[in-house]
1. If the viscosity is 1.306 mPa s and the temperature 10 °C, what translational diffusion coefficient in µm²/s does Stokes-Einstein give for segment 25-184 when Rh comes from Kirkwood over Cα pairs?
2. What is the angle, in °, between the Cα long axis of helix 153-177 and the longest principal axis of the Cα atoms in the chain? Nearest 10 is fine, range 0 to 90.
3. How big is the dipole moment of the chain about its Cα centre under a simple scheme where the beta carbon of each Lys and Arg is +1, that of each Asp and Glu is -1, and everything else is neutral? Debye, nearest 20, please.
4. Using Cβ contacts closer than 10 Å as the measure, can you line up MET176, MET104 from fewest to most?
5. In whole percent, what relative contact order does segment 109-189 give with Cα contacts below 8 Å and a gap of six or more residues?
6. Taking a cut-off of 15 Å, what percent of all Cα-Cα pairs in segment 104-177 are separated by more than that?
7. Give me the angle, in degrees from 0 to 90, between the Cα long axis of helix 91-105 and the longest principal axis of the Cα atoms of the chain, rounded to the nearest 10.
8. Rounded to the nearest 0.05, what FRET efficiency do LYS178 and PHE90 have when you use their Cβ-Cβ distance and R0 = 25 Å?
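We did not get these values from a lab; they are worked out from the coordinates using the rules stated. Because the structure is a prediction, the values reported are computed rather than measured. Cβ placement follows ideal geometry from the backbone for every residue including glycine, while neighbour counts extend to all protein chains displayed.
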Amino acid sequence: MNADFKIYTKTGDKGETSLIGGTRVPKYHERIEAYGTLDELNSFLGVVRDQDIDEQTREFICWIQDRVFTAESLLAADPHKSTGTLPQLFDDDILKLEQAIDEMNVNLPEISNFILPGGHPAVSFTHVARCVCRRAERLTIKMVGNNDATLQGDLVIRFLNRLSDYLFVLARKFTMDKNAREIPWKPLK
């Protein structure tokens, strides 16, 4: 690493940060909450990827992490300023998630109840990633709903919705792969 490069800039010491394009906003701004939660999701996806899982799934999670970083950059950009050439999400990204869901579902037993998360670390971490994904989706919906102009906001929301579905089915696949027990939720009476 270059000795002249400093990771710290000190520009955020007063509680503000810059969007892509230079606009300064408070660190608690809903845009920061949304893309910060995507960053959290990406970290949990890394934890899932680091489990003892099949190589095909590991590679697919790397692709998902790239797409999540793309969504982060879209949410982090000020759409009213020149932001250069940002990566984009595509409808095909959502189709790719749907195809992966369908392929996994073929081998999974039908369910008629909610499932208690757990049974194996890979399963549990995947459920945590799913929950963080749902939170990121809610925050993005709120931001877009508040008329905060966002690059590809509707596509980001659709992608996150489908990603959380993918993560649910992936957790079920890991349950089967690891010979773990899937416990249906049955409310106590």
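1. 98
2. 30
3. Numbers: 24 positive and 28 negative charges, 156 e Å.
It works out to roughly 740 debye.
4. Ranked by crowding around the Cβ, least crowded first: MET176, MET104.
5. 49
6. Working: 1569 of 2701 pairs.
Across segment 104-177, Cα pairs with separations above 15 Å total 58 percent.
7. 20
8. Details: r = 33 Å, r/R0 = 1.31.
Calculated value: 0.15.
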